[in-house]
Amino acid sequence: MKTENKTPYQGNRRTCGYFQCKKCNKHWFSANTWANCSQKCKSCNSDVYPYKQVRHQKSDEPPKEIRPHPQEMCQKCRQLGYFCGSRFNSYGK
Ligand SMILES: [Zn+2]
Ligand SMILES: [Zn+2]
């Protein structure tokens, strides 16, 4: 089965993602986004894929999310069953 590319980034690592909801035009940023993983819009609850993703640079401190990561909104967290930005699973092999 062919996986559709739903996000600009297609690697295995955590990326920073920029989201824009097409329904209500809400913008947001998340420091924990993944390939082909959506987050839910807080306003209208639709699944939104990031339109832009930026790899974390090794030299940089990962940007801190201003608000707590919305795990219930994050497809990756729901798949994993725990916080997707956890040290135990990020920056794997
Ligand atoms: Zn929305
Ligand atoms: Zn997550």
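The values are calculated or read from the model by the stated rules, or taken from the named source; none is laboratory data. Quantities reported herein were computed from a predicted structural model and do not represent experimental measurements. We place every Cβ from the backbone using ideal geometry, glycine too, and count neighbours over all the protein chains shown.
Observations on the model:
- Once segment 13-41 is narrowed to residues that are at pLDDT below 95 and in a loop (DSSP other than H, G, I, E, B), the residue that is surrounded by the fewest Cβ atoms within 10 Å (Cβ to Cβ) is R13.
- Hits in segment 45-73 - residues which are modelled with pLDDT of 95 or more and within 16 Å of ligand 1 (Cβ to nearest atom): N45, S46, D47, V48, Y49, P50, Y51
- Selection status of P8, in contact (Cβ under 8 Å) with a residue 12 or more places away in the chain, within 13 Å of ligand 2 (Cβ to nearest atom) and not charged (D, E, K, R): no
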